[in-house]
Ligand SMILES: C[S@@+](CC[C@H](N)C(=O)[O-])C[C@H]1O[C@@H](n2cnc3c(N)ncnc32)[C@H](O)[C@@H]1O
């Protein structure tokens, strides 16, 4: 009897996931963690600042308190916990842009998960009528939010990469589809002898240039705008593809790899940095795999042997797979 109760409670807990997500999204979008940055406030004050209904806001904040994001220090008086700093816009570890993307895009299109499962097609495209990349590029504000969200996630991962891979013998490297250059900036700061190239789509390159200038690294980092389905910068020692291949189907991934191989000398290195599926893969990585289906249809996480086959077909030999303290692995391949 007890075991049935426990099983039911576990299942019911799973069904509550979407409600908690929506509480988090709503509070973040209203800017509650930002408003509480300088100290506790009453529910009435928060309602005034957010133009919301005070008692309904209180009911939301009560749920938020149960998750540990805020604390009710006196009746209807709230302050933030350390957890909430990740939800504040100007915190260096802010996840706010990522959460808003989740709320405004993922939350809506995951409703169409059954469609993706039935058809193998993108729930995002079904919901919004165009691809996720196109959708975000339509408005500079959204495109910026997408880049910022990616950079925040990348920031967490770059420490894992730097602690797991030694770039000290490298003089030149290029990051293909390197976003706003977050990984390159860390590598350049750690290794003063490296000269780098960031290859990206034109719009993202513009924002990356501003960041590189801010870090005084623009002289050591060339930026090249283009498409990885066309020509790539030639003759570098190391080519990086981080979180790129997993967005594309095998045919497209092969095309990107072949384009890299075409401009690489024999013996130079390609680092494919992303999640690799194995028996030990954590739930969040398996969920990322499903997110790639929902978002892009063509995207997926691959196993070691699937990556090996693609690399061989493009003219590479898989040299080693280095696991990192985060969810991503570094797949090192040599041009043969
Ligand atoms: C998931 S993001 C990864 C960004 C970065 N490598 C990271 O790990 O944070 C994929 C990147 O590929 C870029 N991208 C998409 N299509 C591209 C193309 N055809 N040519 C060059 N870059 C492209 C996007 O602009 C985006 O920054």
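Values quoted throughout were computed directly from the atomic coordinates according to the rules given, and no laboratory measurement underlies them. Since this is a predicted model, take the numbers as computed values, not measurements. Counting neighbours? That spans all protein chains shown, and the Cβs are built from the backbone with ideal geometry, glycine included.
Can you give the angle from 0 to 90° between the axis of helix 2-15 and the longest principal axis of the chain, with both taken from C-alpha atoms, to the nearest 10?
The two axes meet at around 70 degrees.
Rule-of-thumb check for segment 178-336: C-alpha Rg over 2.2 N^0.38 Å? Walk me through the intermediate numbers first.
Values: Rg = 15.6 Å, N = 159, 2.2 N^0.38 = 15.1 Å.
Ratio of Cα Rg to 2.2 N^0.38 Å: 1.04.
Express the Stokes-Einstein translational diffusion coefficient of segment 79-223 in µm² s⁻¹, to the nearest whole number, given a Kirkwood radius over alpha-carbon pairs, 37 °C and a viscosity of 0.692 mPa s.
192
Rounded, prolate or oblate: which fits segment 139-188 when a ≥ b ≥ c are the square roots of the eigenvalues of the alpha-carbon gyration tensor, with rounded for a/c under 1.5 and prolate only if a/b beats b/c?
Cα axes put segment 139-188 in the oblate bin.
Out of every Cα-Cα pair in segment 155-240, what percent are more than 16 Å apart?
Everything past 16 Å amounts to 48 percent.
I want to verify the translational diffusion coefficient of segment 1-133 in µm²/s; compute it with Stokes-Einstein, Rh as the Kirkwood radius over Cα pairs, at 4 °C and 1.567 mPa s.
In µm²/s, the coefficient rounds to 77.
Using only Cα atoms, locate the centre of segment 293-336 and the centre of segment 200-239, then give the distance between them in Å, rounded to an integer.
Between the Cα centre of segment 293-336 and that of segment 200-239, the gap is 23 Å.
Which whole-number percent gives the relative contact order of the chain, counting Cα pairs below 8 Å spaced six or more residues apart?
With pairs under 8 Å counted, the relative contact order is 13 percent.
Could you tell me which of rounded, prolate or oblate describes segment 88-174, using a ≥ b ≥ c as the square roots of the eigenvalues of the alpha-carbon gyration tensor, with rounded for a/c under 1.5 and, failing that, prolate when a/b is larger than b/c and oblate otherwise?
Since a/c reaches 1.5 and a/b is larger than b/c, the shape of segment 88-174 is classed as prolate.
Would you mind checking the tilt of helix 54-67 against the longest principal axis of the Cα atoms of the chain, expressed as 0 to 90 degrees and rounded to 10?
The two axes meet at around 60 degrees.
Tell me the angle of helix 304-313 to the major Cα principal axis of the chain, expressed in degrees between 0 and 90 and rounded to the nearest ten.
Taking Cα atoms only, the helix is inclined about 40 degrees.
Could you state the principal axis extents of the C-alpha atoms in segment 257-336, from the largest down, to the nearest angstrom?
Principal-axis extents of the Cα atoms in segment 257-336, largest first: 38, 27, 17 Å.
With each run of n ≥ 4 DSSP H residues scored as -39500 (n - 2.57), what mean residue ellipticity at 222 nm is computed for the chain after dividing by its residue count and rounding to the nearest 500 deg cm²/dmol?
That comes out to -15000 deg cm²/dmol.
Quote the convex hull volume per residue of the chain, based on C-alpha atoms, as a whole number of Å³.
Hull volume over Cα atoms, normalised by residue count, gives 168 Å³.
Go ahead and set up a Gaussian network model of the chain, Cα springs under 10 Å, then flag whichever of 114, 192, 75 fluctuates most.
75
Let me see the pair-distance distribution of segment 217-264: every alpha carbon pair, 10 Å bin width, integer percents in order.
23, 54, 20, 3
So for 126, 284, fewest C-beta neighbours within 10 Å to most, what's the order?
With the fewest neighbours first, 126, 284 line up as 284, 126.
Using R₀ = 25 Å, calculate the FRET efficiency as 1/(1 + (r/R₀)^6) where r is the Cβ-Cβ separation of residue 321 and residue 283; round to 0.05.
It comes to 0.75.
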